[in-house]
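In what follows, a structure is listed as structure tokens, so that the remarks can point back to it.
FYI, it's all coordinate maths here, none of it is from the lab. These numbers come from a predicted model, not from an experiment. Please note: Cβ atoms are built from the backbone with ideal geometry, for glycine as well, and neighbour counts cover all protein chains shown.
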Amino acid sequence: WSRLGQDEVIWWTSLPWPMLRKPAKPEDITSSAIEAYVFHDHAPTTDRTTTRKDRLKDHIKRWHPDRFNSRYLGRVPESEKEKVRTGAAAVIQTLNELLN
């Protein structure tokens, strides 16, 4: 995420999708893949003492549409903007479902 703050242009492939394997398209973003990543013991954004709920909240903060759109979407090329918007929406929807 810190690297994205420095990039002038953000591409689909440069986003840190919360999955063990980078998705090629929005349809590759699945609940099971996100869940496996978020709750993986070696996920880079967590430590072993963090609760499941706290892990989800950390990811939700990053992917929240207001925050994501204002910080990152404006730097995505028009040719990829809809793809990124759809992917980010799938991520936040899954994270919210996992939290509830």
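Each of GLU80 and LYS22 was given a label point 7 Å from its Cα along the Cα-to-Cβ line. The distance between the two points is 0.9 nm.
Straight-line cross-link reach from LYS83 at under 14 Å between alpha-carbon atoms covers these aspartates and glutamates, not counting any fewer than eight positions away in the same chain: GLU27, ASP28. Relative to the longest principal Cα axis of the chain, at what angle does helix 52-63 sit, 0 to 90 degrees, rounded to 10? With both axes taken from Cα atoms, the answer is about 10 degrees.
Based on DSSP H segments of at least four residues, each scored -39500 (n - 2.57), the chain has a per-residue ellipticity at 222 nm of -15500 deg cm²/dmol.
The angle between the Cα long axis of helix 78-99 and the main principal axis of the chain comes to about 20°, on a 0 to 90 degree scale. Maximal additional length on extending the SER70-TRP1 stretch stands at 23.4 nm, based on 0.36 nm per residue less the C-alpha distance. Partners of LYS81 within straight-line reach, counting lysines whose Cα lies under 22 Å from its Cα and excluding those fewer than 8 residues away in the same chain: LYS22, LYS25, LYS61.
For the pair THR51 and GLN93, a Förster radius of 22 Å applied to the C-beta separation gives a FRET efficiency near 0.55, rounded to the nearest 0.05.
Pairs of alpha-carbon atoms within less than 8 angstrom and 6+ residues apart define the contacts here; what relative contact order does the chain have, in percent? Could you put the intermediate results ahead of the total?
Working: 87 pairs, mean separation 36.9, N = 100.
The value is 37 percent.
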